[in-house]
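Chemist: Take this structure, written in structure tokens, and hold onto it; I'll ask about it next.
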Amino acid sequence: MHATARRWLWLSAGISGGLGAIGCSGPRVDKPPAPEMTELIAAYAAPDAEFDADAASDISLTIAAIDELLARTDLREQLVDVLAEVLRQATDLSGGEDGTVDISLEAGGYMRFTRICPGWTLPARPDRSVNGALLLTATFSEAGLDPIVWGSAEACRYRVGDGQIELDQVAASAAAVSVYWGSGPSDRDVSERTLLVDLDLEATIDAERSALDIDFRSLVDGTLEYRIPRPDGSLIARVGGADGVMLRAANGDFDCDAELACQRRASEAP
């Protein structure tokens with residue numbers, strides 16, 4: 001996102017709290033617990049559903065539906081932009097000098113970020129009462145940032161081309177968005193991280209409201225993986241490559257064309 005545009009998304013309020021929490025001498029403050037993502041991480045690491053060629057049509061429809069939702073909401077790019085700012089501020093705790101960021105740094109190991117959404121009007125204007133916000137929490141220890149960042153949505157409005165998007169919290173949801181970005185060094189760029197994203201949102205796309213209860217994994221090379229629920233578990237579809245779709249399943253990996261006609265990978269063929 002252009003630097004000027006980013007400025008409109010963040011509201012300055014300075015930094016509060018103490019930095020002594022990073023060391024041993026600071027006061028103890030309990031960190032808020034991150035959402036539980038262990039089962040989702042395992043599902044992407046080792047899919048437990050078997051691929052059945054007779055189910056190719058259903059799987060293809062699911063892939064297309066997730067593709068369309070991510071394209072229309074631009075959510076991957078929106079999240080990458082936000083996470084890049086989280087990393088930048090975490091590695092430069094004296095940030096905010098340009099008046100663009102609202103950070104609350106709490107003694108004991110967590111930071112809270114408020115991102116004001118740009119809204120539907122052009123040019124964008126940072127007005128939380130009209131455009132809403134995304135509220136993110138990142139925790140840390142002496143070793144650096146913890147593996148999960150999460151947050152809530154507060155009627156966040158933005159544009160994707162001519163489309164008008166609004167993201168809102170699901171009433172019973174503990175987190176609208178949870179991102180597992182691993183335990184690498186805090187200065188590792190977002191582009192160098194695999195991001196596992198779990199969404200539980202209400203999305204309004206051009207006045208049409210629908211649930212956005214999906215998850216996906218964004219790989220370092222720019223390809224995406226989607227978890228496809230099946231009666232016997234779930235399998236993983238990798239999209240975005242030049243050669244169609246690659247399916248990972250309990251019974252092996254399969255290379256598929258656009259119509260999801262698949263063949264077991266040669267290295268795994270019996």
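Chemist: Principal axes first, then extents: for the Cα atoms of segment 139-258, list largest minus smallest coordinate on each axis, whole Å, largest first.
Modeler: Cα spread of segment 139-258 along its principal axes, largest to smallest: 45, 41, 32 Å.
Chemist: Note down the nm distance, to one decimal, between modelled labels 7 Å out along Cα→Cβ at residue 141 and at residue 120.
Modeler: So the two model labels end up 4.5 nm from each other.
Chemist: Quick one: if you stick a label point 7 Å off each Cα along the C-beta vector at residue 68 and residue 186, how many nm between them?
Modeler: 4.3 nm
Chemist: Then there is this: Suppose R0 equals 35 Å; then what is the FRET efficiency for residue 52 and residue 219 from their Cβ-Cβ distance, rounded to the nearest 0.05?
Modeler: Calculated transfer efficiency: 0.85.
Quick note: the coordinates plus some simple rules give every number you see, no bench work behind them. The structure displayed is predicted, hence computed values, not measured ones. Every residue, glycine as well, gets a Cβ built from its backbone with ideal geometry; the counts of neighbours run over all protein chains shown.
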